[in-house]
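Reviewing the structure listed below.
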Amino acid sequence: MIIWVNGAFGSGKTQAAHELQRRIPNSYVYDPENAGYFIRDNVPRDAKRDDFQHYPMWREFNYSMFKYLDQESDQLIIAPMTITNAEYFDQIVGNLRRDGVVVHHFTLCASKEVLLRRLRSRGEGPNSWAAQQIDRCISGFSNEVFQHHIDTDHLSIDEVVESIAAWANVKLLPDHRSSAKKKLDRMKTKFAHIRFFG
């Protein structure tokens, strides 16, 4: 089984994915972005594209990787990844589903104001790359292929995680961490996944 956590930058995908991993036994976070960074760093300048999702091999690799993980591992795979192009989504998730792989897909939605506020909290201003993608993401996610939508404007990370688990029919372990430990874990996740573009 794969749980794909989609959403705009600042929607909480990464935090939700890692909180799910902490509370679902025998689960693993796989980040499809990593293949994109490899491609970006190993393509000559005249063959570069402005978004690694535009490389067909990024989509082909991730489709193959997810299929391999589903076949070879007994762990539940959690994938935090923004994807707004319905055709690209179909080439990965659609093909997996046609192959019989169970993929539960969720789009974490938030208003532009909330997304900008969350991005500011991690040091990214209104002119940052992530902030410049907000309108594209909100528009793209209106396509019905990106259901199930979870409005996160007024939800805590815990509530988002519980909603995903309920829709995916996955049992979560009780969370016995103190509020301080929970905050520390989330700070570690945030700093471990800061991306620099350009």
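Which of the residues belonging to segment 2-17 are in contact with a strand residue (DSSP E or B) (Cβ under 6 Å, 6 or more places away or on another chain) and either under 13 Å from VAL160 (Cβ atoms) or not aromatic (Phe, Trp, Tyr) (or both)? The answer is ILE2, ILE3, VAL5, ASN6, GLY7, SER11, GLY12, LYS13, THR14, ALA16, ALA17.
In this structure, ASN85 does not qualify as in contact with a helix residue (DSSP H, G or I) (Cβ under 6 Å, 6 or more places away or on another chain), surrounded by 12 or more Cβ atoms within 10 Å (Cβ to Cβ) and farther than 20 Å from GLN15 by Cα. Being of a type in the set (A, V, I, L, M), over 21 Å from HIS148 (Cβ atoms) and crowded, with 19+ Cβ neighbours inside 10 Å holds for only one residue in LEU119, LEU115, LEU20, and it is LEU119. Contact annotation: residue pairs with Cβ atoms under 6 Å, 6 or more positions apart or on different chains, pairing a residue in segment 111-132 that is touching a residue at least 12 places away in the same chain (Cβ under 8 Å) with a partner that is among the β-branched types (Val, Ile, Thr), are LYS112/ILE134; LEU115/ILE134. Just give me the residues in segment 159-181 being among the acidic types (Asp, Glu), out of contact with any Leu (no Cβ under 9 Å at 6 or more places or on another chain) and modelled with pLDDT of 95 or more, in sequence order. Selection gives GLU159 alone.
Of all residues assigned to segment 172-194, none qualifies as being under 24 Å from ASN85 (Cβ atoms), surrounded by fewer than 16 Cβ atoms within 10 Å (Cβ to Cβ) and hydrophobic (A, V, I, L, M, F, W, C). Just for segment 1-60: of the residues that are among the β-branched types (Val, Ile, Thr) and free of Cβ contacts under 8 Å to residues at least 40 places away in the same chain, which one is farthest from THR107 (Cα to Cα)? So the residue we want is VAL43.
Do we find that ASP41 is at pLDDT 95 or above and surrounded by fewer than 14 Cβ atoms within 10 Å (Cβ to Cβ) in this structure? Can you show your working first?
Values: at pLDDT 95 or above: yes; surrounded by fewer than 14 Cβ atoms within 10 Å (Cβ to Cβ): yes.
Judged against the criteria, ASP41 is a match.
Filter segment 113-158 for residues that are in contact with a strand residue (DSSP E or B) (Cβ under 9 Å, 6 or more places away or on another chain) and either farther than 24 Å from PHE89 by Cβ or polar (S, T, N, Q) (or both) and give the result. Hits for segment 113-158 are GLN147, THR152. Taking segment 62-81 as the range and being in a helix (DSSP H, G or I) and under 20 Å from GLU144 (Cβ atoms) as the test, no residue passes.
Out of all the residues in segment 6-31, which are assigned to a strand (DSSP E or B) and over 20 Å from ASP70 (Cα atoms)? Write out each step before concluding.
Taking segment 6-31 and keeping what is assigned to a strand (DSSP E or B), we get 6-7, 27-29.
Passing the criteria: only GLY7.
The values are calculated or read from the model by the stated rules, or taken from the named source; none is laboratory data. Note that the structure is predicted; figures quoted are calculated from it, not measured. Because the Cβ atoms are built from the backbone with ideal geometry, glycine has one as well, and the counts that use them run over all protein chains shown.
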